[in-house]
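Below you'll find the structure, written out as structure tokens, and then a few comments.
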Amino acid sequence: MIKRTAVCLVCRILPAVSLPLLAALQPTMSMAHDDSVTSIGPRTSLYVFGPELPFMFDIRGKRLDFAWSDIKTFGGTGLGTLENGAGEVIGLKGEFWAADPTDPVPRKLTDEITPSGLLTSFFPTDKTNISTTVNLEALQTLLDEQFVDTQAYAYLFTATGRLTFVEYQLTGPVPNGEVLDMIKAGDSQKAVTIGTQKYTAQDTEVTLVGVRAPGYLNTVLEVPYHIHFLADDKSALGHVTELQADDLAVEWTRVNAINLHMWDKNGSLLQK
């Protein structure tokens with residue numbers, strides 16, 4: 001109906017216009033086929049609610065954190081923390097699980113709040129099998145070879161398989177001088193492990209969810225990697241600090257857009 005109405009209006013205004021000329025006035029698809037112009041195809045977007053390292057951002061007044069019950073509607077895959085960094089969260093296939101030092105066994109996420117959460121609808125575009133023994137560093141090196149454009153783009157990935165060993169944490173670091181200096185130097189992945197209590201598990205079938213971020217996103221995302229895991233039997237979850245695996249099936253996609261939602265706040269901006 002819209003197209004017929006538009007043509008009719010043109011005909012009323014220009015009754016003498018010939019059909020060839022009228023056809024020439026219609027929109028064409030030439031730009032869509034112009035190989036010098038980037039086409040807009042399917043997009044993978046990350047929704048980041050609060051920077052992943054919130055203590056790096058000075059905010060005056062009381063910061064109002066996010067409710068997981070609200071933000072988890074933005075995607076079925078994700079990772080993040082609980083209030084004050086005292087707990088870790090992972091989202092897989094629309095189900096969100098949490099654990100913290102007072103209750104390290106994974107539980108269904110309900111109405112907890114967070115200063116930092118990352119959500120997406122995950123539609124992998126690529127996959128590979130890593131059929132060699134790797135620790136965390138070796139795994140990340142192999143992934144970098146697959147991702148290629150790591151200086152420009154962020155990548156989202158999942159990996160499934162058996163971890164012969166995993167070390168993980170359920171809290172964030174106390175942001176002291178050592179932590180802050182390492183973050184500023186560009187290795188926030190290692191910085192957030194400083195001084196945190198570690199847990200371990202062996203011979204566990206798991207799913208990993210991770211983000212590989214370029215250096216210019218440091219503090220908004222952890223760089224270069226931020227990885228959480230959930231045991232298939234729901235016996236453990238956490239922020240991965242080390243692992244060993246013999247065989248992993250990896251799926252990933254490049255991130256085309258990052259939507260950063262900063263915290264709300266109350267109190268005066270002039271508050272000291």
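The values are calculated or read from the model by the stated rules, or taken from the named source; none is laboratory data. Everything numeric in this text was worked out from a predicted model, so none of it was measured. All Cβ positions, even for glycine, are placed from backbone atoms using ideal geometry, and neighbour counts span all protein chains on display. Accessible surface areas use protein heavy atoms only, side chains included; no ligands, DNA or RNA. Shrake-Rupley method; radii C 1.70, N 1.55, O 1.52, S 1.80 Å.
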### Query
Rank Ser131, Ser45 by accessible area, highest first, at a 1.4 Å probe radius?
Ser131, Ser45
### Task
Using 0.36 nm per residue of separation minus the Cα-Cα distance, give me the extension gain between Asp70 and Asp58 in nm, one decimal.
1.9 nm
### Query
By the gyration tensor of its Cα atoms, with a ≥ b ≥ c the square roots of the eigenvalues, what is the shape of the stretch 166-257: rounded for a/c under 1.5, prolate for a/b over b/c, or oblate?
oblate
### Task
Starting from the Cα of Tyr216, step 7 Å along the direction of its Cβ; do the same at Asp233; then give the gap between the two resulting points in nm.
4.6
### Summary
Among Lys108/Lys234; Lys198/Lys234; Lys93/Lys234; Lys127/Lys198, the pairs whose Cα-Cα distance exceeds 22 Å are Lys127/Lys198
### Task
Kindly state, to the nearest 0.05, the FRET efficiency for Arg162 paired with Asp35, given R0 = 30 Å and r defined as their beta-carbon distance.
0.10
### Query
Ser36: accessible area at probe 1.4 Å, nearest 10 Å²?
90
### Task
Could you check what % of the DSSP bridge pairs in the stretch 208-271 are antiparallel, to the nearest 5?
90
### Query
Which chymotrypsin sites (Phe, Trp or Tyr not before Pro) does the stretch 39-83 hold that lie in a coil by DSSP with at most 14 other beta carbons within 10 Å?
Phe57
### Summary
Filtered hits (lysines, Cα-Cα < 23 Å from Lys265, offset >= 8 within chain) -> Lys62, Lys72
